[in-house]
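All remarks here apply to the structure that follows.
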Amino acid sequence: MAGSPARAFEAATRGLALSPDDPDLLVGHARAASALERFDLAAGDLTRALATDPRRPEALVLRAAALRQLGRLEEAEADIRQAVALDPDSAEALLERGILRQLHADLAGAQADWEHVIELAPDTTTADLAEQNLALLAAGPAR
């Protein structure tokens, strides 16, 4: 998908035509939809995946990110709470929770989450994103 989210989206769409309730295909389709900034579609796919398998932290995190992009912060926060409850050491969940905390001006909470991400998953893209967020936090608001 990294090279072509549109092709990944098309492939997942074809897969869903054959197996419309497959949670793995729904999550893949949602990832591709998010990469194409089709957040409504991604959230819908993830809701369907979670209806089949409600204990999927990855799907909860992805849906939280899509809902955040749609401005539906309360729903995003509910998904992140559930994702962290299911997997307290999910770097992806903690990265997203940090973003949501920052949006609510809980800067200490955001910083703690992002620092924990770096401890849990060093040398990953998730840790790189946490480091970028920490650098922006340290720089303070734009003047």
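Select, from S19, S90, the only residue that is among the polar types (S, T, N, Q) and under 13 Å from the mean Cα position of the chain (by Cα). Working first, answer last.
Details: S19 fails: under 13 Å from the mean Cα position of the chain (by Cα).
Exactly one of S19, S90 is among the polar types (S, T, N, Q) and under 13 Å from the mean Cα position of the chain (by Cα), namely S90.
Spot the failing condition for Q102; the list is (1) modelled with pLDDT under 95; (2) in a helix (DSSP H, G or I), and only one is missed.
(1)
If I filter segment 1-13 down to residues being without any contact (Cβ under 8 Å) to a residue 24 or more places away in the chain and out of contact with any helix residue (DSSP H, G or I) (no Cβ under 7 Å at 6 or more places or on another chain), which single residue comes out as surrounded by the most Cβ atoms within 10 Å (Cβ to Cβ)? Working first, answer last.
Taking segment 1-13 as the starting set, the residues that turn out to be without any contact (Cβ under 8 Å) to a residue 24 or more places away in the chain are 2-4, 7, 10-13.
Then drop every residue that is not out of contact with any helix residue (DSSP H, G or I) (no Cβ under 7 Å at 6 or more places or on another chain), which leaves 2-4, 7, 10-11.
On the way: A2: 6, G3: 6, S4: 12, R7: 11, E10: 13, A11: 16.
Out of the qualifying residues, it is A11.
Under the condition of being surrounded by 14 or more Cβ atoms within 10 Å (Cβ to Cβ) and of a type in the set (V, I, T), which residue from segment 109-128 is nearest to the chain's Cα centre (by Cα)?
Of everything passing the filter in segment 109-128, T126 is nearest to the chain's Cα centre (by Cα).
Considering only residues that are open to solvent by 80 Å² or more (accessible area, probe 1.4 Å) and touching a helix residue (DSSP H, G or I) at 6+ places or on another chain (Cβ under 6 Å), which ones fall in segment 34-51? Steps first, please.
As a first pass, look at segment 34-51 and keep what is open to solvent by 80 Å² or more (accessible area, probe 1.4 Å): 37-38, 40, 48, 51.
Selection gives R48 alone.
Out of all the residues in segment 70-79, which are under 15 Å from T47 (Cβ atoms) and either touching a Pro at 6+ places or on another chain (Cβ under 6 Å) or in a helix (DSSP H, G or I) (or both)? Break it down into steps so the answer makes sense when it comes.
Of the residues in segment 70-79, the ones under 15 Å from T47 (Cβ atoms) are 70, 72, 75-76, 78-79.
E75, A76, A78, D79, listed by residue number.
Write out, first by first residue and then by second, each pair whose Cβ atoms fall under 8 Å of each other, whose residues are 6+ apart or on separate chains, and whose first residue, in segment 14-40, is of a type in the set (A, V, I, L, M, F, W, C) while the second is open to solvent by 80 Å² or more (accessible area, probe 1.4 Å) and not in a helix (DSSP H, G or I).
A32/M1; A35/M1
Going residue by residue through segment 46-55, is there one that turns out to be farther than 27 Å from A6 by Cα and in contact with a Lys or Arg (Cβ under 9 Å, 6 or more places away or on another chain)?
no
Does any residue of segment 37-59 turn out to be in contact with a Gly (Cβ under 6 Å, 6 or more places away or on another chain) and at pLDDT 95 or above? First the steps, then the outcome.
The initial filter retains those residues of segment 37-59 that are in contact with a Gly (Cβ under 6 Å, 6 or more places away or on another chain), namely none.
No: zero hits.
Applying the selection to segment 129-143, what residues are in a helix (DSSP H, G or I), closer than 27 Å to R72 by Cβ and open to solvent by 70 Å² or more (accessible area, probe 1.4 Å)?
Narrowing segment 129-143 to residues in a helix (DSSP H, G or I): 129-139.
Now restrict to residues that are closer than 27 Å to R72 by Cβ: 129-130, 132-134, 136-137.
Within segment 129-143, L129, Q132, L136 meet the criteria.
Within the bounds of segment 113-123, is there any residue that is without any contact (Cβ under 8 Å) to a residue 60 or more places away in the chain and within 17 Å of L50 (Cβ to Cβ)?
At the first step, the residues of segment 113-123 found to be without any contact (Cβ under 8 Å) to a residue 60 or more places away in the chain are 113-123.
With the extra rule that they be within 17 Å of L50 (Cβ to Cβ), the set shrinks to none.
Checked against the condition, which is being without any contact (Cβ under 8 Å) to a residue 60 or more places away in the chain and within 17 Å of L50 (Cβ to Cβ), segment 113-123 yields no hits at all.
Could you list, in sequence order, all residues of segment 73-108 that are closer than 15 Å to L136 by Cα, without any contact (Cβ under 8 Å) to a residue 24 or more places away in the chain and surrounded by fewer than 19 Cβ atoms within 10 Å (Cβ to Cβ)?
Within segment 73-108, A105, D106, A108 qualify.
Against the condition open to solvent by 30 Å² or more (accessible area, probe 1.4 Å) and in a loop (DSSP other than H, G, I, E, B), how does R31 come out, does it pass? Even if it seems obvious, please write down each step before you answer.
Working: open to solvent by 30 Å² or more (accessible area, probe 1.4 Å): yes; in a loop (DSSP other than H, G, I, E, B): no.
No: the conditions fail for R31.
The values are calculated or read from the model by the stated rules, or taken from the named source; none is laboratory data. All figures in this text were calculated on a predicted structure; none of them were measured in a lab. Cβ atoms come from the backbone with ideal geometry, glycine included; neighbour counts cover every protein chain shown. Protein only, heavy atoms only, side chains kept; ligands, DNA and RNA dropped before computing areas. Shrake-Rupley method; radii C 1.70, N 1.55, O 1.52, S 1.80 Å.
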